[in-house]
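Undergrad: My structure is below; once you've seen it, I'll send some questions.
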Amino acid sequence: MSVSAPVKFTLKDYKSDLHNDWCPGCGDFGILTGIQMALANLGLDPDKVAVFSGIGCSGKTPHYIKAYGFHTLHGRVLPVATGGRLVNSGVTVIALGGDGDGYGIGAGYFVNTGRRNLDFTYLVHNNNVYGLTKGQASPTLSKGKKTKSMPEQAIQDGINPIAMAVAAGYTFIARAYALEPKYLAGIIARAIQHKGSAVVDVLQTCPTYNDLYTKEWYEGADLPEKKSRLYKLEEQGFDGKVKDPTDKQEIIAKKAAAVARSYEAEPIPIGVYYEIELPTYEDAVNQRIPALAEKPLVELDTFKRDVTPLLEAMR
Amino acid sequence: MQKNRLTWMIGGPQGSGINASAEVFAKACSRAGLRVYANIEYHSNIMGKHSFYRVRVDEEDVRSYREQTDILVALDHETLAGDGDHRRWGTHKGHLHEVSAGGGVIYDAEIGFDHSGARPGIQYFPVPFMEIIKKALEEVGKGEQARRYEVMKNVVALGSSLALCEFPLELVEEVILGQFKGKRSEVGQLNVRAARLAFDHVRESFDAKSFPYRLQPHREPKARLLAKGYEIMAIAKLKAGCHFQTYYPISPATDESVYLERQQRDYDLLVVQCEDEISSINMAVGAAHMGVRSATATSGPGFALMVEGIGFAAITEAPGPVIVMYQRGGPSTGLPTRQEQGDLQFVLHPAQGDFPHVVIAPGDLRECYQDVFSAFNWAEQFQLPVIVMPDKKLAAAYTTIDKLELKYDKIERGKTFTGSEWTPVEASGAGFAAGNGHAGGNGHKAGEAGGGVKEYLRYAFSEDGISPRSRPGTPGGRYWSTSDEHDPDGHITEGVGMRVAMMHKRMDKLPLIAKAIPEDQQFFLHGPADADLTIVGWGSTKGTILDAIKELEEQGKKINFLQCRLMRPFPAEKVETILKKAKKLALVEENYSGQLGALIREQTGVLIETRILKFDGRPFSQDELIAAFEKALTGTGVQEVVTNVG
């Protein structure tokens with residue numbers, strides 16, 4: 001959503017005083033900071049922000065943010081956030097959850113939420129494992145990989161979240177890295193400002209269970225040249241933004257380019273893969289129910305309805 | 001000669017337009033000042049399988065069907081003789097055997113039925129359906145297109161039937177024309193023409209005057225309401241101010257949502273078709289938390305997917321949603337288009353753990369309205385999910401009612417946080433939870449939950465256990481909410497004291513609700529206080545039970561009926577008193593195990609040994625219950641009733 005903001009809030013305005021119980025060094029800290037920085041940068045009033053989460057370590061994120069916080073069910077964060085967003089459009093909605101939550105148990109909602117192009121932001125904490133249940137393979141772990149927490153190698157292949165998001169119809173698709181919170185905050189801020197469904201796949205470390213994709217691995221500490229295994233798309237001149245949303249050829253080309261980049265394994269591209277401005281679900285709803293263009297559904301007086309014409313039709 | 005009392009039935013393959021025909025007939029009768037009960041039986045199939053629609057017309061209230069049909073219209077052979085001749089496992093015997101002595105059968109002369117050797121004692125009226133359609137089309141120069149207009153057999157059927165019972169065709173024409181408006185009015189005229197030709201054909205070709213049934217409008221016909229349950233549910237949702245409805249298509253619940261979808265523009269209501277029922281329930285929960293009146297509608301298989309979301313709504317004390325759960329034959333896909341009251345125990349125990357929710361089962365259209373309307377109030381006042389459970393029969397059958405009482409129109413939105421009015425209340429639970437040192441399970445400041453806190457706490461303890469809810473976006477009303485056990489802040493806790501206090505906070509809402517709901521909405525003893533037999537039942541069997549009792553009363557039998565409506569919280573003490581006073585009890589349920597009986601035994605200790613049960617997917621007929629009650633007056637035991645008709 002577009003935001004005009006006098007900057008009057010600072011980082012601490014988004015920090016709750018709840019003790020944090022994530023493992024030391026958890027990538028979630030970086031994502032939490034990224035969200036808080038983005039909110040502060042945009043100057044969003046904490047009373048006008050609602051953060052929804054799924055279940056898992058990442059699910060606890062809203063409790064650490066000073067804003068309306070909804071810690072929902074495993075895999076169901078997108079429906080809950082969608083319902084919330086649709087009825088109370090005066091509130092900025094951020095949904096987040098783990099990779100198991102979003103790409104496994106909640107995969108159906110991931111796809112269908114993309115179809116809707118609702119104006120909200122979805123962050124996926126992608127660390128390749130189910131942390132809170134002690135390190136089983138998540139849907140993003142590739143076949144044959146085995147973290148120290150797993151008894152056997154992954155028997156099925158990992159999915160490609162970026163390609164899936166492209167196919168599903170998200171209109172802002174990005175990837176960032178949890179341990180670069182400043183860059184992440186910039187991406188999240190853009191996602192929030194984007195008018196439409198924005199998804200950010202955040203690569204994240206799990207120091208407790210994932211000994212494959214560690215901070216050192218991402219930093220390339222094991223490589224001879226000690227070069228990061230991440231690169232920023234824009235630094236290679238990649239621009240995923242569709243300039244003319246009515247140009248079908250451009251859309252196909254940009255989608256194809258995004259998908260092609262998403263299959264690059266090493267180094268991994270981060271940044272914005274795809275972006276397009278299209279009418280949102282809310283736009284369509286407002287056409288059907290013009291009163292919603294004026295104010296959020298929650299503020300409409302629906303208590304004085306005259307049902308006489310409906311009863312008359314039954315005579 | 002029997003005047004203004006008959007059962008008319010039309011049967012044919014699905015897709016042949018029998019619904020339209022029956023509904024026009026029902027509406028015309030209702031407009032004529034008569035009372036109607038009309039029910040459809042159909043397969044889970046789009047085209048071809050047998051379906052039939054039965055319209056019972058009377059001068060007095062009718063709330064159920066009778067087994068005998070006075071006029072049967074057959075669009076195909078199967079309607080008369082069943083499918084035993086061409087299916088390995090025949091599913092029905094046809095309806096010829098249901099026709100009353102002296103009754104009539106109108107059939108399409110093309111279906112290859114020869115009535116010369118058929119059942120004696122009834123009259124047969126072969127009508128050349130296609131010829132009549134062709135004739136109607138010829139008048140507008142479309143004679144060669146007759147096959148394209150085959151569906152007009154339904155109006156031919158209607159016109160023919162009306163000729164037999166001397167019903168004024170004008171009333172039917174008016175209804176037909178009302179259904180084809182604007183661009184389609186030409187088609188409407190064509191239909192009227194075909195109906196008129198059929199009417200004339202029957203009058204000219206047969207001795208219709210000798211047919212012993214008459215339908216005549218009252219001198220001053222009163223336009224009553226002729227409605228289906230799903231329509232009333234939808235209207236109640238609108239009147240209750242429902243902002244938001246979610247759904248996933250499923251029989252027989254979809255009709256309600258599609259009806260609401262059609263009203264979206266006029267009534268500022270947002271209806272969302274979801275990707276599945278898990279999404280439906282969770283969107284509705286999210287919307288309720290965000291401050292609107294939200295609702296969904298589903299049937300058994302969809303409800304099976306929703307259960308996790310119901311527990312979620314309960315533990316987070318969401319002010320809703322209201323869930324209308326239309327029962328159908330189970331388990332699994334079961335009998336998707338057929339009747340059953342088989343989900344009571346499931347709906348009472350949908351999710352893991354102990355949590356509060358309200359379950360209420362309306363028995364007729366008026367109760368559908370009241371219960372759905374009230375449900376929204378209860379959801380917000382007590383901050384929990386409320387489930388209203390009708391069934392396929394209630395959803396899909398047409399019943400005439402004089403008017404819809406809209407008197408249950410007081411909106412109660414419960415305690416809300418508006419900023420300035422917030423005064424925390426110290427309750428014993430809070431002191432206990434905060435003071436014992438276990439509360440801060442994950443290390444946040446214990447003691448916050450106690451008195452004197454000036455900040456808003458979404459799950460603050462209070463004397464009645466209800467914490468004011470804040471609409472997200474409200475300045476100073478920020479809160480957290482979690483499906484985990486939580487403290488007054490809404491943060492996760494595993495502290496034992498807080499767990500116990502929060503369980504009490506939530507569960508103690510049930511007795512509060514029991515006190516708030518009017519007694520006659522909880523249960524109702526119909527008929528004399530003193531009776532030889534007390535029938536115990538719930539939901540849509542209400543009308544059938546009352547119709548059966550009425551007839552037995554005329555024979556001097558004293559029977560009353562305890563209708564249970566509020567299933568949770570269950571009015572155990574009062575129900576127990578009634579049960580213990582009864583001379584003899586008989587349970588009536590459309591399920592295999594007697595699920596209300598199980599609830600009553602659990603709640604009151606009373607075992608009802610005489611059980612009249614039906615689980616063949618068809619509702620009880622009035623005749624079946626009359627026979628069953630007669631048996632129950634003298635004997636004890638389980639009677640499994642199986643439909644002999646249809």
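Undergrad: Somewhere in the stretch A:94-110, is a residue within 12 Å of chain B (Cβ to nearest Cβ), within 25 Å of A:Lys146 (Cβ to Cβ) and more than 15 Å from the chain's Cα centre (by Cα)?
TA: So far as the stretch A:94-110 goes, yes, one or more of its residues are within 12 Å of chain B (Cβ to nearest Cβ), within 25 Å of A:Lys146 (Cβ to Cβ) and more than 15 Å from the chain's Cα centre (by Cα).
Undergrad: Being over 23 Å from B:Phe199 (Cα atoms), touching a residue at least 12 places away in the same chain (Cβ under 8 Å) and buried (at least 19 other Cβ atoms within 10 Å of the Cβ), is that true of even one residue in the stretch B:20-29?
TA: No: zero hits.
Results for (1) modelled with pLDDT of 95 or more; (2) in a strand (DSSP E or B); (3) of a type in the set (Val, Ile, Thr), shown as yes or no for each residue.
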position	(1), (2), (3)
A:Arg175	yes, yes, no
A:Lys182	yes, no, no
A:Ile192	yes, no, yes
A:Val200	yes, yes, yes
A:Pro207	yes, no, no
A:Leu212	yes, no, no
A:Asp222	yes, no, no
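Undergrad: Please work out which one of (1) assigned to a loop (DSSP other than H, G, I, E, B); (2) over 15 Å from the mean Cα position of the chain (by Cα); (3) among the aromatic types (Phe, Trp, Tyr) is the condition A:Trp217 fails and give its number.
TA: Here A:Trp217 clears every test but (1).
Undergrad: With respect to B:Gly473, is the statement that it is buried (at least 22 other Cβ atoms within 10 Å of the Cβ), within 14 Å of chain A (Cβ to nearest Cβ) and part of a loop (DSSP other than H, G, I, E, B) true?
TA: Yes.
Undergrad: Of (1) within 33 Å of the chain's Cα centre (by Cα); (2) more than 19 Å from B:Val292 (Cβ to Cβ), A:Val285 satisfies all except one. Which?
TA: (2)
Undergrad: Which residues, counting only those in the stretch A:295-315, are β-branched (Val, Ile, Thr) and either in a loop (DSSP other than H, G, I, E, B) or at pLDDT 95 or above (or both)?
TA: Those that are β-branched (Val, Ile, Thr) and either in a loop (DSSP other than H, G, I, E, B) or at pLDDT 95 or above (or both): A:Val298, A:Thr302, A:Val307.
Undergrad: Let me ask another. Is there a residue in the stretch A:34-47 that is within 13 Å of another protein chain (Cβ to nearest Cβ), in contact with a Gly (Cβ under 6 Å, 6 or more places away or on another chain) and surrounded by fewer than 24 Cβ atoms within 10 Å (Cβ to Cβ)?
TA: The answer is no, given that none of the residues of the stretch A:34-47 is within 13 Å of another protein chain (Cβ to nearest Cβ), in contact with a Gly (Cβ under 6 Å, 6 or more places away or on another chain) and surrounded by fewer than 24 Cβ atoms within 10 Å (Cβ to Cβ).
Undergrad: If B:Gly291 meets every condition in (1) in a loop (DSSP other than H, G, I, E, B); (2) more than 10 Å from chain A (Cβ to nearest Cβ) apart from one, which number is that one?
TA: (2)
Undergrad: Here's a check for you: in the stretch B:229-246, which residue that is assigned to a helix (DSSP H, G or I) and of a type in the set (A, V, I, L, M) is farthest from the other protein chains (Cβ to nearest Cβ)?
TA: Filtering the stretch B:229-246 for residues that are assigned to a helix (DSSP H, G or I) and of a type in the set (A, V, I, L, M), the one farthest from the other protein chains (Cβ to nearest Cβ) comes out as B:Met233.
Undergrad: Further question: Please work out which residue is surrounded by the most Cβ atoms within 10 Å (Cβ to Cβ), limiting yourself to the stretch B:501-511 and to residues that are aliphatic (A, V, I, L, M) and under 12 Å from B:Gln383 (Cα atoms).
TA: This residue is B:Leu510.
For every residue, the table says whether it meets (1) surrounded by 20 or more Cβ atoms within 10 Å (Cβ to Cβ); (2) under 30 Å from B:Gly178 (Cβ atoms); (3) without any contact (Cβ under 8 Å) to a residue 60 or more places away in the chain.
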residue	(1), (2), (3)
A:Ala258	yes, no, no
A:Arg261	yes, no, no
A:Glu266	no, no, yes
A:Val272	yes, no, no
A:Pro279	no, no, no
A:Ala284	no, no, yes
A:Asp306	no, yes, yes
A:Pro309	no, yes, yes
A:Ala313	no, yes, yes
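Undergrad: Is the stretch B:180-192 home to any residue that is touching a residue at least 60 places away in the same chain (Cβ under 8 Å) and not in a loop (DSSP other than H, G, I, E, B)?
TA: Scanning the stretch B:180-192, I find no residue that is touching a residue at least 60 places away in the same chain (Cβ under 8 Å) and not in a loop (DSSP other than H, G, I, E, B), so the answer is no.
Undergrad: Can you give me the number of residues within the stretch A:32-91 that are under 23 Å from A:Thr10 (Cβ atoms) and aliphatic (A, V, I, L, M)?
TA: 14
Undergrad: Scan the stretch A:213-242 residue by residue and report those that are surrounded by 11 or more Cβ atoms within 10 Å (Cβ to Cβ), basic (Lys, Arg) and farther than 15 Å from A:Phe172 by Cβ.
TA: Selection gives A:Lys215, A:Lys227, A:Arg229, A:Lys232.
Undergrad: Right, another one. Could you check the stretch A:62-80 and list, in sequence order, the residues that are under 17 Å from A:Ile31 (Cβ atoms) and either in contact with a helix residue (DSSP H, G or I) (Cβ under 6 Å, 6 or more places away or on another chain) or touching a residue at least 60 places away in the same chain (Cβ under 8 Å) (or both)?
TA: Across the stretch A:62-80, the qualifying residues are A:Tyr64, A:Ile65, A:Lys66, A:Ala67, A:Gly69, A:His71.
Undergrad: Give me the residue from the stretch B:1-50 that is under 23 Å from the mean Cα position of the chain (by Cα), assigned to a strand (DSSP E or B) and of a type in the set (A, V, I, L, M) and, out of that set, farthest from B:His86 (Cα to Cα).
TA: Among those residues, the one meeting the criterion is B:Val36.
Undergrad: Can you pull out every residue in the stretch B:95-122 that is part of a loop (DSSP other than H, G, I, E, B) and either touching a residue at least 60 places away in the same chain (Cβ under 8 Å) or of a type in the set (Ser, Thr, Tyr) (or both)?
TA: Across the stretch B:95-122, the qualifying residue is only B:His95.
Undergrad: Against the condition surrounded by fewer than 24 Cβ atoms within 10 Å (Cβ to Cβ), β-branched (Val, Ile, Thr) and either under 24 Å from B:Phe346 (Cβ atoms) or at pLDDT 95 or above (or both), how does B:Ile310 come out, does it pass?
TA: The answer is yes for B:Ile310.
Undergrad: Of these, B:Asp255, B:Asp266, which one is more than 10 Å from chain A (Cβ to nearest Cβ) and either in a helix (DSSP H, G or I) or of a type in the set (Asp, Glu) (or both)?
TA: B:Asp255
Undergrad: Of everything in the stretch B:487-508, what is under 37 Å from the mean Cα position of the chain (by Cα) and under 21 Å from B:Gly291 (Cα atoms)? Give them in sequence order.
TA: B:Arg506
Undergrad: Another question, if that's okay. Does the stretch B:274-285 include one or more residues that are more than 7 Å from chain A (Cβ to nearest Cβ), modelled with pLDDT of 95 or more, surrounded by 24 or more Cβ atoms within 10 Å (Cβ to Cβ) and in contact with a Gly (Cβ under 7 Å, 6 or more places away or on another chain)?
TA: yes
Undergrad: Now for a separate question. For the stretch B:479-496, does any single residue satisfy the condition of being modelled with pLDDT of 95 or more and away from every other protein chain (no Cβ under 14 Å)?
TA: yes
The values are calculated or read from the model by the stated rules, or taken from the named source; none is laboratory data. Worth saying up front: this structure is predicted, and the values here are computed from it rather than measured. All Cβ positions, even for glycine, are placed from backbone atoms using ideal geometry, and neighbour counts span all protein chains on display.
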